[in-house]
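Q: One structure coming up, written as structure tokens, with questions to follow.
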Amino acid sequence: MYNFSKKTGLKEDHYDYKIKVPLDYSSFASDMKHFGLCYNFLLKQGIFKYKRDKHLDLGAGHGHFSFLLQVLNKVNHSLSLDKRPFVNTDNFNHFMNYYKFLIKMRIKKIFQKTSLLGKFGYVDTNSIYYNLPLIPRKIPNISFTQQDIYKIKGKFDLITSVSSLEFFTMEAIFKKVSQLLNRKG
């Protein structure tokens with residue numbers, strides 16, 4: 001299915017990158033499933049002991065991960081990189097989906113507290129899904145780019161890639177990530 005290209009370090013796939021993908025609630029809610037797992041992992045590893053200044057998200061899609069890290073006051077600036085063109089990536093649409101998700105989670109928390117029915121008969125009401133801030137400390141500042149990762153210059157304090165590393169060859173992407181990462185990043 002994939003052809004490996006040693007020259008670019010990218011895997012060639014059959015995805016049509018010219019299709020514009022709209023920002024909607026279903027994409028936000030879907031990304032929240034990944035966000036909770038990744039956020040908890042990074043939190044346990046001590047990555048968020050202090051706030052990071054510059055963040056790069058590879059295969060970022062609409063930038064939900066960047067948006068949420070800024071809402072949670074974990075990063076100052078984010079660059080979301082994805083090969084696909086996205087529409088409606090402005091903060092207004094992010095906040096509309098964020099508050100819709102937040103309201104659903106608050107209602108769900110009330111009912112689950114009384115029923116105590118979760119996936120395995122237990123509900124983790126301390127989960128990040130139920131404890132997102134109603135009002136963020138600052139308005140998120142996310143930049144979007146379709147630029148090739150191998151042409152990006154600069155240094156970053158935090159580099160994330162949620163469910164997108166399969167589109168790269170491992171040696172090439174890890175070499176580039178190591179070059180982009182700050183010494184204590």
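The values are calculated or read from the model by the stated rules, or taken from the named source; none is laboratory data. Quick caveat: nothing in here was measured; it's all calculated off a predicted structure. Here the Cβ is made from the backbone with ideal geometry for all residues, glycine too, and neighbour counts use every protein chain on show. Only protein heavy atoms, including side chains, enter the accessible area calculation; ligands, DNA and RNA are left aside. Shrake-Rupley method; radii C 1.70, N 1.55, O 1.52, S 1.80 Å.
Q: Any residue at all in the stretch 93-113 that is modelled with pLDDT of 85 or more and assigned to a loop (DSSP other than H, G, I, E, B)?
A: For the stretch 93-113, residues modelled with pLDDT of 85 or more and assigned to a loop (DSSP other than H, G, I, E, B): absent.
Q: A follow-up question, please. Can you find a residue in the stretch 23-36 that is part of a helix (DSSP H, G or I), touching a helix residue (DSSP H, G or I) at 6+ places or on another chain (Cβ under 6 Å), open to solvent by 40 Å² or more (accessible area, probe 1.4 Å) and of a type outside the set (D, E, K, R)?
A: Yes, the stretch 23-36 has at least one match.
Q: While we're looking at this one, here's another question. What residue, among those in the stretch 145-184 that are at pLDDT below 85, farther than 26 Å from GLY46 by Cα and hydroxyl-bearing (Ser, Thr, Tyr), is nearest to the chain's Cα centre (by Cα)?
A: THR145
Q: Return the total of residues in the stretch 149-179 being crowded, with 17+ Cβ neighbours inside 10 Å and within 25 Å of GLY36 (Cα to Cα).
A: Residues that pass the stated criteria total 12.
Q: Of all the residues that make up the stretch 39-59, how many are surrounded by fewer than 10 Cβ atoms within 10 Å (Cβ to Cβ) and outside any loop (DSSP other than H, G, I, E, B)?
A: 1
Q: Condition first: open to solvent by 10 Å² or more (accessible area, probe 1.4 Å), touching a Phe, Trp or Tyr at 6+ places or on another chain (Cβ under 7 Å) and not in a helix (DSSP H, G or I). Now tell me which residues in the stretch 63-85 satisfy that.
A: Scanning the stretch 63-85 gives LYS74, LYS83, ARG84.
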